[in-house]
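Below is one structure, written out as structure tokens, with a few remarks after it.
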Amino acid sequence: MVKEELLGILRTRFGDNLIVDEEVVRAYSRDMSGVQGAAGGVIRVTSTSQVKEAVDFARDHGVPLVARGAGTSLDGESVPFDGALVLDFSPMKRVLDFDVDNHLVTVEPGVVNRELNNYLGQKGFFLPPNPGSWEMSTIGGNTSTNAAGPRSYKYGSFRRWVKGLEVVLGTGEVTRLGHYTTKSSSGLDLVSLLVGSEGTLGLFTKVVLRVESLPESRVGVIVPVSGVRQATKAVVELSRRPWLGISALEFVDDKCISALNAVYGETLPEAPAALFLEVEGSRRGFESRLEELLNTLSGFELVGDPLYEENVDGMWDIRGRIAFALGKLYGENRYRDDVAVPVSSFPELVSGVSRILEEKGLEYAVFGHAGDGNLHLEFDRTKLSAAELDSLLRQIFGLTLSLRGTLSGEHGIGWLKLPYVDLEHTEEAINLMRSIKRVFDPKNILNPRKAY
């Protein structure tokens with residue numbers, strides 16, 4: 001915990017925005033990863049000047065800081081250790097500016113992704129990356145993990161959409177980065193460096209995002225398939241047909257379907273697997289593209305008629321609740337994570353991961369953003385010792401890397417994957433990352449012991 005005399009200083013500076021109640025602080029000491037940390041207190045920040053004041057305090061007194069949006073991270077990015085102060089950014093939730101002509105929106109980091117899309121939708125626009133947690137997760141958290149989602153199949157991850165940042169560095173300096181032009185060849189791309197840095201280099205206080213006009217036509221399609229293998233093979237085939245206008249290409253197994261139906265009262269067709277697709281584009285030729293898509297899928301052993309969803313965002317709300325549904329149905333003591341491979345290797349990844357988990361006799365579920373090769377996996381870890389879990393993860397990560405993949409497609413490294421970073425990155429690369437951190441955060445106060 002933070003020493004009492006230091007808490008006195010914080011009370012003077014932050015007043016009621018400082019929280020030290022033990023029960024509340026304990027709740028802030030964990031996120032959806034299930035990792036339990038130990039915070040020294042919580043500060044609900046409301047402005048850039050308050051964030052700077054917190055950083056100045058932390059730097060002067062050697063107290064670590066951990067940024068938190070909604071706590072939806074699955075690898076412990078927002079879990080505090082060693083009595084760190086948690087900076088809760090959720091009060092900073094204003095849309096500050098919308099430049100319609102240039103398709104740019106400036107927001108505070110506590111704005112919830114889904115709520116921003118609701119705001120933009122009323123004006124004919126949308127922010128393409130829509131993480132599964134978009135009903136809860138914040139723009140600051142999405143930016144700090146380079147989050148992605150179903151629509152990232154077509155539109156890419158968050159890094160592609162962040163044009164500018166206001167950021168408080170570990171030195172206490174407040175700086176603005178980025179540009180508002182369509183292109184730039186001026187200087188190093190520091191915005192891209194900070195996006196995905198998991199709060200280890202700086203704390204975002206404003207985010208400038210590029211947004212897209214809503215398409216003329218958009219429809220969701222849920223396709224029941226006879227098995228996981230057929231579904232993953234269908235993903236590869238569809239990925240070879242960009243002219244179809246597919247903007248999202250998701251895969252779920254039978255446990256995901258059953259959990260959504262049981263927990264949320266959905267009426268999804270019970271099947272060994274299913275594809276969730278989004279098709280969009282101009283009205284001209286839309287029906288013919290949709291027909292070709294379904295003709296292509298007919299070669300992969302469908303087990304029922306496709307369901308069409310006009311409320312596509314509602315379909316993604318349902319898809320995003322899979323982790324919650326599995327947790328309620330099978331218990332919360334589950335290991336949840338993601339890996340990614342080139343899409344051509346996705347069937348091999350899914351079958352290989354399934355084989356590894358079945359050999360251990362574990363109950364598991366597999367799903368994910370199949371169109372960009374991003375697999376999500378969940379399994380019951382109650383029967384595994386720490387050593388057995390470590391061995392199992394090394395098998396899964398080894399398989400992933402052998403398929404030219406990455407340890408994380410979107411969740412980040414955080415705390416849980418930190419022991420495995422050297423499986424993917426060379427010692428020289430990791431040392432470069434740490435050298436960069438020393439420039440931005442020389443006292444190592446920003447989210448220490450995370451990411452690299």
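Read-outs throughout are calculated quantities, based only on the coordinates presented, and are distinct from any laboratory measurement. Remember, it's a predicted structure, so these values are computed and weren't measured experimentally. Note that each Cβ is placed from the backbone with ideal geometry, even for glycine, and that neighbours are counted across all protein chains shown.
Could you list the trypsin sites (Lys or Arg not before Pro) in the range 1-90 that lie in coil according to DSSP, counting only those with at most 16 other Cβ atoms within 10 Å of their Cβ?
Sparse-neighbourhood loop trypsin sites (Lys or Arg not before Pro): LYS3.
Pop out the ³J(HN,Hα) list for the range 73-90 in order, Karplus 6.51 cos²θ - 1.76 cosθ + 1.60 with θ = phi - 60°, rounded to Hz; leave Gly and Pro as x.
Values per residue, Gly and Pro as x: 5, 9, 10, x, 4, 9, 8, x, 10, 6, x, 5, 7, 8, 9, 8, 8, 4 Hz.
If we count every other residue with Cβ under 12 angstrom of ASN118's Cβ, Lys/Arg +1 and Asp/Glu -1, where does the sum land?
Once positives and negatives cancel, what remains is -2.
Sort the following peptides by mean Cβ neighbour count (other Cβ atoms within 10 Å, averaged over residues), highest first: 368-378, 405-415, 160-170.
Result, highest mean Cβ count within 10 Å first: 368-378, 405-415, 160-170.
If you find the alpha carbon centre of the range 176-253 and of the range 157-175, how far apart are they in angstrom?
The range 176-253 and the range 157-175 have Cα centres spaced 19 Å from each other.
List the residues of the range 389-417 whose backbone N lies under 17 Å from a point placed 7 Å from the Cα of ASN333 along the Cα-to-Cβ direction.
Answer for the range 389-417: 389-390.
Could you list the chymotrypsin sites (Phe, Trp or Tyr not before Pro) in the range 94-152 that lie in coil according to DSSP, counting only those with at most 13 other Cβ atoms within 10 Å of their Cβ?
none
Tell me, what is the FRET efficiency for SER184 and LYS383 to the nearest 0.05, using R0 = 51 angstrom and their Cβ-Cβ distance as r?
For R0 = 51 Å, the calculated efficiency reads 0.45.
Over the Cα atoms of the range 357-444, how large are the radius of gyration and the largest Cα-Cα distance (Dmax), in Å?
Cα only, the range 357-444: 15.5, 47 Å (Rg, Dmax).
Residue separation times 0.36 nm, minus the C-alpha to C-alpha distance between ARG26 and ASN118: what's the value?
Computed gain between ARG26 and ASN118 is 29.9 nm.
Taking the Cβ of GLU216 as the center, what net charge do the other residues with Cβ under 12 Å away carry, scoring Lys and Arg +1 and Asp and Glu -1?
+2
Give a residue-ordered list of calculated ³J(HN,Hα) values for the range 295-305 (Karplus: 6.51 cos²θ - 1.76 cosθ + 1.60, θ = phi - 60°; whole Hz; x for Gly, Pro).
With the stated coefficients, the range 295-305 comes to 5, 5, 5, 4, x, 10, 6, 6, 10, x, 6 Hz.
Report the full-extension gain for the segment TYR264 to ASP422: residue separation times 0.36 nm, less the Cα-Cα distance, to one decimal in nm.
So the extension gain works out to 52.9 nm.
I need to check one value: relative contact order of the chain, counting alpha carbon pairs closer than 8 Å and at least 6 residues apart, in percent.
16
How would VAL35, VAL100 line up from fewest to most surrounding beta-carbon atoms within 10 angstrom?
The most exposed by this proxy come first: VAL100, VAL35.
State the three equivalent ellipsoid semi-axes of the chain, derived from the C-alpha gyration tensor as the square roots of 5 times its eigenvalues, in descending order and whole Å.
37, 26, 20
So what's the angle, to the nearest 10 degrees on a 0 to 90 scale, between helix 4-14 and the longest Cα principal axis of the chain?
70
List every residue whose amide H lies under 5 Å from the amide H of HIS369, counting only residues 5 or more places away in sequence or on a different chain, with H placed 1.01 Å from N in the peptide plane.
Under 5 Å from the amide H of HIS369 lie the amide H atoms of ASN374, HIS376, each far enough along the sequence or on another chain.
Nearest 0.05, what FRET efficiency do THR175 and HIS103 give at R0 = 25 Å with Cβ-Cβ as r?
Here the calculated transfer efficiency is 0.55.
Between the range 51-127 and the range 371-428, what is the separation of their alpha carbon centroids in Å?
27
Please turn the phi angles of the range 35-48 into ³J(HN,Hα) values with the Karplus equation 6.51 cos²θ - 1.76 cosθ + 1.60 (θ = phi - 60°), one per residue in order, whole Hz, x for glycine and proline.
Calculated HN-Hα couplings, in order: 5, 9, x, 8, 7, x, x, 10, 10, 8, 7, 10, 7, 4 Hz.
Which of the chymotrypsin sites (Phe, Trp or Tyr not before Pro) found in the range 167-259 are loop residues per DSSP with 14 or fewer other Cβ atoms within 10 Å of their Cβ?
Answer in residue order: TYR180.
Once R0 is set to 30 Å, what does the formula 1/(1 + (r/R0)^6) return for the Cβ-Cβ distance between ARG449 and ASP16, expressed as a FRET efficiency to the nearest 0.05?
Computed FRET efficiency for ARG449 and ASP16 comes out at 0.50.
LYS206's amide H: which non-local residues (gap 5+, or another chain) put their own amide H closer than 5 Å, with H modeled 1.01 Å from N in plane and none for Pro or chain starts?
So LYS206 has HN proximity to GLU166.
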